[in-house]
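Peer 1: I'd like to ask you about the structure that follows.
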Amino acid sequence: MAAEVVMPKLGMAMKEGTVSTWNKKVGDSVSKGDMIASINSEKIEMEIEAPQDGVILDILVQEDVGVPPGTIICYVGKPNEQLTEQNSSANELQAPKNEVAAAVSLEEPPANAAPSKKRKETVLISPIARKIAESENLNVETIKGTGPKGRITKADVEKVLAERASEASPPSVERDNLAINKETLPVAGMRKVIAGRMHNSLLNSAQLTINMKADVTDLLSLQREIKDVIQQRHKVKISLTDFIARAVVLSLQEHKQMNSAYIDNEIHLYNHVHLGMAVALENGLVVPVIQHAEKMSLVELAAELKTRAANARQGQLSADRMQGSTFTITNLGAYGVEYFTPVLNPPETGILGVGATEDVPMYQGDELQKRNLLPLSLTFDHRVLDGAPAANFLGTIKQYLEQPILLLL
Amino acid sequence: MNNLVVIGGGPAGYVAAITAARQGKKVTLIEQKDLGGTCLNEGCMPTKSLLASAETYEKIKKAEQFGITLPLEQVKINWDGVQHHKTNIVKKLVQGIGYLMKKNSIKVMKGEASFLTNHRLAVRNENQVEEVEAEQFIIAAGSEPASLPFSPFDGKWIIHSGQAMSLPAIPSSLLIVGGGVIGCEFASIYSQMGTKVTIVEAAEQLLPGEDPDIAFTLREELEKKGVAIYTSSSLTEMQPEDKTALFKHKEELHELQSDYALISIGRKPRVLGLGLEKVGIHFSKQGIDVNEHMQTNIPNIYACGDVVGGIQLAHVAFHEGTVAALHACGKDKNVNYRAVPRCIYTHPEIASVGMTEKQARDAYGDIRVGEFSFTANGKAMIANESVGKVKVIVEPQFNEIIGLSIVGSHATELIGQGTIMLHGELTTDVMEDFIAAHPTLSEAIHEALLHSAGQAVHS
């Protein structure tokens, strides 16, 4: 019987895939395992293999046309085999096939998307194999099943785990030394919470980090100019971090998509900015939250940040002061770190990492000057927005920091 | 030239031949005796026929319990009739295999095969020798009963299982050396027919591969039928001239006289006489070495069934034969040894699949065990068959069902459920909501599963 070849789902977030190249044409003979097509989805590319010996009976999706996972892209069967009524009806849903390319658009999946998707989502896997895979956070769709009809068995999952373990294992000499010198620390309390949250963050979102440098020479001048006045008038010692926080708050109001959260397959956009600010403690890390930071002036924000940070270090932060942030800033500049990849604070869409300022010679027109550059690292959830809008957001922060007068308005 | 030659027409061989023929191979099967091998001619089928006769007799004797009055003094076993029933069944089944050979265009040759090269066999039939060439071979030569090193079978007093099922009359006494599956089945058959049976077993319990509590239930039932059982006992001497055996039990020497001494201490693969050494096929006393595709170290020669040792059961042989034939035809398939049911046709029956409780504890440490007794099962009570229980072994982390043992009526039929659970890699939470028909013996399995999760309803 003819075998259906479907567009695979290459990741949780994959909405569609494209046949980039057909290696075979209708009527070509294939052996099981032959590469019949290359497909890609966003940044993932893979080869599609023939599921059985036979010939390509029909090709339903043309090159460079995006279709949802589960869509039948071709049939492999015996030479001259007639597609069954069921096959044909699947064809009819897409037919005439030459028109599929024209009809399919990114926004509007083809009519057969629903049934095909349903079929593809039913991964053949034994109950115990599924449980073990889930407990080890393995994506079952990436596991090759060796049971009947490709059913994933316990042995298949255990094989993947064994391969993962062997890849992760250091060379035996190092392992031996570790065994002799190892010291075990319990993962408990704050460490346990951080471990769980950070691990889940990486597992359950599509994180991407982009970097940019802001020239903060003028900002540092401004800070020097006004810090004494502010200190005297408001009893607040204003820092570079306060300016950065203000720049972030203003930028978030201009880029609503970054001030959001991905919850249950929905994107929640916020009008308010509850700003999280990571504070390192002796044994861990907490993120106090400045609520409604968008309503605060630079000085008010600076005062609030100082209070919260002090409370955090003294262990006086109540739980409600650590919840509900819509965006977080984390600063490793004091440790000499330049760029890094901050991990999202779920369910937020973005987190800004701040590095150490650096003195560099830079041309200002024809004149070489000493300038202060501030490295910025923005990690964002690629499920919510793409690289370009994230870069625009980071660019806005950079603009604010490079034109600091705007931060005072 | 043949595409494929199969040596041996037992469960592994005939299934391999049919499978290969259906894949389009030109197949010849060589068998020195009757088609069907040990299973049909000297094993599974004839013993089950004798058991059916013995159990029918037992049931009739208990007819009064069901409100049926019979002249019990007139109810007797007609041994010739029992043998006729058995022979008739075997004959029909052997004919059935012959029909399947014809239907699948498989040429059947009678004779004893021996390799000359890795593509050529000599087939000896009486004084004639014929050479057969083939591209590929599947060796399915089976096994034969192992004998005592100090007293070989004489067919008169010291007999093997094949001889024990065709005795001229019901013996008045029978010594069974070896309390494994075969020994216990014959103990069950003959004790129900009135024979005074004695079992001498070297291990601490009957059926050493099964859980002690499961084996103990059978021991109790056999003892109720008058079977004398000596475990942790060793045979020291056999004296055929006066049909007397000496064995040691708890440092005490026992002397036993019996009509027959059935030696059931296991079966050994038939690896000699096949010319394996001529072709360089790796083998030992334990059997022919094969990989997961049942392929020997000589790539065009496969081996399957009892001749490779391992689990010597007909249903394993069926599957190994299929795997060997498919691989010879370019298909990939493995045998799932994890979910092989083990059936013991005693009264009560015993059947199990997967790990025993001890094996599970050794493998997993803490495990969960669910049990349900047939004494609380309506269908078992109605049939006056309430002896026994179901025991399920569950791995604690993911609730995987890793073993199921049943001792009781129709255990060998019920175990199919356990086989599906293990083969399907099911967990107890998947099974908790399944509906067992009521009233059935199957309910006991459901209750045992619920018990393992602390949710048993009827216990």
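The values are calculated or read from the model by the stated rules, or taken from the named source; none is laboratory data. Everything quoted here is computed from the prediction, not taken from an experiment. Here the Cβ positions follow ideal geometry from the backbone for every residue, glycine too, while neighbour counts run over all protein chains shown.
Peer 1: Please report, ordered by residue number, the strands (runs of 3 or more DSSP E) entirely within region A:317-409 with at least 2 residues that are touching a residue at least 12 places away in the same chain (Cβ under 8 Å) and of a type in the set (Gly, Ala, Ser).
Peer 2: Where strands (runs of 3 or more DSSP E) fall fully within region A:317-409 and carry at least 2 residues being touching a residue at least 12 places away in the same chain (Cβ under 8 Å) and of a type in the set (Gly, Ala, Ser), they are A:350-354.
Peer 1: Another question, if that's okay. Would you be able to tell me the number of residues in region B:447-459 that are closer than 12 Å to B:Leu404 by Cβ and either within 26 Å of the chain's Cα centre (by Cα) or in a loop (DSSP other than H, G, I, E, B) (or both)?
Peer 2: Total satisfying the criteria: 1.
Peer 1: Report the residue count in region B:214-255 for those that are assigned to a strand (DSSP E or B) and either over 20 Å from B:Ser191 (Cα atoms) or in contact with a Phe, Trp or Tyr (Cβ under 9 Å, 6 or more places away or on another chain) (or both). Spell out the reasoning first.
Peer 2: Initially, region B:214-255 is screened for residues assigned to a strand (DSSP E or B), giving B:228-230, B:233-239, B:244-249, B:252-255.
This time we only want the ones that are either over 20 Å from B:Ser191 (Cα atoms) or in contact with a Phe, Trp or Tyr (Cβ under 9 Å, 6 or more places away or on another chain) (or both), so: B:230, B:233-239, B:246-249, B:252-255.
Residues that pass the stated criteria total 16.
Rundown of residues vs (1) free of Cβ contacts under 8 Å to residues at least 60 places away in the same chain; (2) surrounded by fewer than 23 Cβ atoms within 10 Å (Cβ to Cβ); (3) out of contact with any Gly (no Cβ under 9 Å at 6 or more places or on another chain); (4) aliphatic (A, V, I, L, M), yes/no style:
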| residue | (1), (2), (3), (4) |
| --- | --- |
| B:Gly178 | no, no, no, no |
| B:Met193 | no, yes, yes, yes |
| B:Val197 | yes, no, no, yes |
| B:Lys243 | no, yes, yes, no |
| B:Glu251 | yes, yes, yes, no |
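Peer 1: Okay, next question. Residues in region A:254-277: is at least one part of a loop (DSSP other than H, G, I, E, B), more than 24 Å from the chain's Cα centre (by Cα) and either without any contact (Cβ under 8 Å) to a residue 60 or more places away in the chain or within 17 Å of A:Asp381 (Cβ to Cβ) (or both)?
Peer 2: no
Peer 1: Looking only at region A:134-149, which residues are within 12 Å of another protein chain (Cβ to nearest Cβ) and in a helix (DSSP H, G or I)?
Peer 2: Correct list: A:Glu134, A:Ser135, A:Pro148.
Peer 1: Further, regarding this structure: Which one of these is of a type in the set (Gly, Ala, Ser) and surrounded by fewer than 21 Cβ atoms within 10 Å (Cβ to Cβ): B:Ala351, B:Ala339, B:Ala328? Step through it out loud before you land on a result.
Peer 2: Working: B:Ala351 fails: surrounded by fewer than 21 Cβ atoms within 10 Å (Cβ to Cβ); B:Ala328 fails: surrounded by fewer than 21 Cβ atoms within 10 Å (Cβ to Cβ).
Result of the check over B:Ala351, B:Ala339, B:Ala328: B:Ala339.
Peer 1: Same structure again: In this structure, does B:Leu51 turn out to be more than 30 Å from B:Ala328 (Cα to Cα), surrounded by 14 or more Cβ atoms within 10 Å (Cβ to Cβ), among the aliphatic types (A, V, I, L, M) and in contact with an Asp or Glu (Cβ under 8 Å, 6 or more places away or on another chain)?
Peer 2: So B:Leu51 passes the test.
Peer 1: For region B:199-235, enumerate the residues that are in contact with a Gly (Cβ under 6 Å, 6 or more places away or on another chain) and of a type in the set (Val, Ile, Thr).
Peer 2: B:Ile199, B:Thr217
Peer 1: Applying the selection to region A:279-298, what residues are closer than 16 Å to A:Val248 by Cβ and either in a helix (DSSP H, G or I) or in contact (Cβ under 8 Å) with a residue 60 or more places away in the chain (or both)?
Peer 2: Of everything in region A:279-298, those that are closer than 16 Å to A:Val248 by Cβ and either in a helix (DSSP H, G or I) or in contact (Cβ under 8 Å) with a residue 60 or more places away in the chain (or both) turn out to be A:Ala293, A:Glu294, A:Lys295, A:Leu298.
Peer 1: Looking at this structure, is B:Glu385 more than 14 Å from chain A (Cβ to nearest Cβ) and under 23 Å from B:Val181 (Cβ atoms)?
Peer 2: yes
Peer 1: On to the next question. Within region A:225-252, how many residues turn out to be under 27 Å from the mean Cα position of the chain (by Cα) and free of Cβ contacts under 8 Å to residues at least 60 places away in the same chain?
Peer 2: Within region A:225-252, residues that are under 27 Å from the mean Cα position of the chain (by Cα) and free of Cβ contacts under 8 Å to residues at least 60 places away in the same chain number 1.
Peer 1: On to the next question. Quick one: how many residues across region B:398-413 are facing another protein chain (nearest Cβ under 9 Å) and either touching a residue at least 60 places away in the same chain (Cβ under 8 Å) or in a loop (DSSP other than H, G, I, E, B) (or both)?
Peer 2: Here the count works out to 2.
Peer 1: Here is a further query. Which of the residues that make up region A:360-390 are of a type in the set (Asp, Glu) and touching a helix residue (DSSP H, G or I) at 6+ places or on another chain (Cβ under 9 Å)? Don't jump to the end; show me each part of the working.
Peer 2: Our first condition is that a residue be of a type in the set (Asp, Glu); within region A:360-390, this holds for A:366-367, A:381, A:386.
Scanning region A:360-390 gives no hits.
Peer 1: What about B:Glu395, is it of a type in the set (D, E, K, R) and away from chain A (no Cβ under 14 Å)?
Peer 2: no
Peer 1: Among the residues of region A:225-248, which ones are in a helix (DSSP H, G or I) and among the polar types (S, T, N, Q)?
Peer 2: A:Gln231, A:Gln232, A:Thr241
Peer 1: Name the pairs whose Cβ atoms lie under 8 Å apart, with the first residue in region B:134-149 and under 12 Å from B:Thr296 (Cβ atoms), the second among the aromatic types (Phe, Trp, Tyr), and 6 or more positions between them or separate chains?
Peer 2: Between residues of region B:134-149 that are under 12 Å from B:Thr296 (Cβ atoms) and residues that are among the aromatic types (Phe, Trp, Tyr), the close pairs are B:Gln136/B:Tyr302; B:Phe137/B:Phe115; B:Phe137/B:Tyr302; B:Ile138/B:Tyr302; B:Ile139/B:Tyr302.
Peer 1: A further question on this structure: Checking the structure you have, find out if any residue of region B:205-215 is at pLDDT 95 or above and within 28 Å of B:His84 (Cα to Cα).
Peer 2: Within region B:205-215, not a single residue is at pLDDT 95 or above and within 28 Å of B:His84 (Cα to Cα).
Peer 1: Going by what's in this entry, would A:Ser126 be described as loosely packed, with under 13 Cβ neighbours inside 10 Å, at pLDDT 80 or above and within 14 Å of chain B (Cβ to nearest Cβ)?
Peer 2: No, not satisfied.
Peer 1: Out of the residues in region A:215-263 that are in contact with a Leu (Cβ under 8 Å, 6 or more places away or on another chain) and basic (Lys, Arg), which is surrounded by the fewest Cβ atoms within 10 Å (Cβ to Cβ)?
Peer 2: A:Lys256
Peer 1: So for region B:183-193 (the condition being part of a loop (DSSP other than H, G, I, E, B), within 30 Å of B:Gln359 (Cβ to Cβ) and modelled with pLDDT of 95 or more), does at least one residue qualify?
Peer 2: Kept after step one, since they are part of a loop (DSSP other than H, G, I, E, B), are these residues of region B:183-193: B:193.
Then keep just the ones that are within 30 Å of B:Gln359 (Cβ to Cβ); that gives none.
Scanning region B:183-193, I find no residue that is part of a loop (DSSP other than H, G, I, E, B), within 30 Å of B:Gln359 (Cβ to Cβ) and modelled with pLDDT of 95 or more, so the answer is no.
Peer 1: Before we move on, is B:Ala456 surrounded by fewer than 18 Cβ atoms within 10 Å (Cβ to Cβ), more than 14 Å from every other protein chain (Cβ to nearest Cβ) and over 30 Å from B:Ile68 (Cβ atoms)?
Peer 2: yes
Peer 1: On to the next question. Of all residues in region B:139-174, which are in a strand (DSSP E or B) and within 22 Å of the chain's Cα centre (by Cα)?
Peer 2: B:Ile139, B:Ser143, B:Glu144, B:Pro145, B:Ile158, B:Ile159, B:Leu174
Peer 1: May I pose another question? So which residues in region B:414-436 are without any contact (Cβ under 8 Å) to a residue 12 or more places away in the chain, within 29 Å of the chain's Cα centre (by Cα) and away from chain A (no Cβ under 14 Å)?
Peer 2: B:Ala436 - this is the single residue of region B:414-436 that is without any contact (Cβ under 8 Å) to a residue 12 or more places away in the chain, within 29 Å of the chain's Cα centre (by Cα) and away from chain A (no Cβ under 14 Å).
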